[in-house]
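Contents: one structure, followed by commentary.
The values are calculated or read from the model by the stated rules, or taken from the named source; none is laboratory data. These figures come from a predicted structure and were not determined experimentally. Positions of Cβ are backbone-derived with ideal geometry, glycine not excepted, and every protein chain shown enters the neighbour counts. Remember, those area values only see protein heavy atoms, side chains included, never the ligands or the DNA or RNA. Shrake-Rupley method; radii C 1.70, N 1.55, O 1.52, S 1.80 Å.
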Amino acid sequence: MNKVSRIIFIEKNGLSRAPMAALLFEKFYAKKDLEILARGINVPFEEPINPKAEVVLIGNKFDAENIRAKGLKNFEITDKTALFTMEYRERDEVVKSFENANEKNVFVLSRFVGDELDVMDPYGGALADYGLCFETLKTTIKKLSDKISEGGLFIDE
């Protein structure tokens, strides 16, 4: 078993949920032994995150002005990397699209912490939808942080 040293939060376009999740995890996880990244599956070039996600983050006292959506690269996935997607279909797409990704290192975030529903995608919704997504992520990411703090995070080889 390999102890995880990098966590990558992933969503389809990398514009809202993944950056929110990464910032929340950095806030809740007291240890500084993990590299935390946010990535999109289909991001052909770096771009600013969704303006509504940025407003929600800034409103919750996060420095979000320079956060950019970036695409996931296969080399970022090592034997010490855990990937957390927001939905099952994203998990399946990551496993199919990236050679270094597999069913042992790619997890659906909500299921990993014992929740039943995927993290909703606020894309195209109102600012309130992004706020609701943030609040949902806050609860889910707190559970993830607590779980990792208690026992670490390991990946089967």
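Tell me yes or no: at least one residue of the stretch 11-25 is free of Cβ contacts under 8 Å to residues at least 40 places away in the same chain, small (Gly, Ala, Ser) and in contact with a strand residue (DSSP E or B) (Cβ under 9 Å, 6 or more places away or on another chain). Checking the stretch 11-25: at least one residue is free of Cβ contacts under 8 Å to residues at least 40 places away in the same chain, small (Gly, Ala, Ser) and in contact with a strand residue (DSSP E or B) (Cβ under 9 Å, 6 or more places away or on another chain). A count restricted to the stretch 107-139 and to residues that are within 18 Å of TYR29 (Cα to Cα), in contact (Cβ under 8 Å) with a residue 60 or more places away in the chain and not basic (Lys, Arg) stands at 3. For the stretch 42-91, how many residues are of a type in the set (D, E, K, R), under 12 Å from ILE10 (Cα atoms) and surrounded by fewer than 16 Cβ atoms within 10 Å (Cβ to Cβ)? Within the stretch 42-91, residues that are of a type in the set (D, E, K, R), under 12 Å from ILE10 (Cα atoms) and surrounded by fewer than 16 Cβ atoms within 10 Å (Cβ to Cβ) number 2. Residues that are under 23 Å from PHE154 (Cβ atoms) and basic (Lys, Arg) were ranked within the stretch 22-45; the one that is modelled with the highest pLDDT is ARG39.
Residue by residue, here is whether (1) at pLDDT 95 or above; (2) outside any loop (DSSP other than H, G, I, E, B); (3) among the polar types (S, T, N, Q); (4) touching a strand residue (DSSP E or B) at 6+ places or on another chain (Cβ under 9 Å) holds:
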position	(1), (2), (3), (4)
LEU57	yes, yes, no, no
PHE75	yes, yes, no, no
PHE84	yes, yes, no, yes
ARG91	yes, yes, no, yes
GLU99	yes, no, no, no
GLY131	yes, yes, no, no
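Of all residues in the stretch 3-21, exactly one satisfies the criterion of being open to solvent by 10 Å² or more (accessible area, probe 1.4 Å), at pLDDT 95 or above and not in a loop (DSSP other than H, G, I, E, B), namely ARG6.
Screening ALA38 with (1) outside any strand (DSSP E or B); (2) touching a helix residue (DSSP H, G or I) at 6+ places or on another chain (Cβ under 9 Å); (3) of a type in the set (A, V, I, L, M); (4) crowded, with 20+ Cβ neighbours inside 10 Å gives one miss only, at (1). Does ALA126 satisfy the criteria of being at pLDDT 95 or above, farther than 16 Å from LEU34 by Cβ and surrounded by 15 or more Cβ atoms within 10 Å (Cβ to Cβ)? So ALA126 fails the test.
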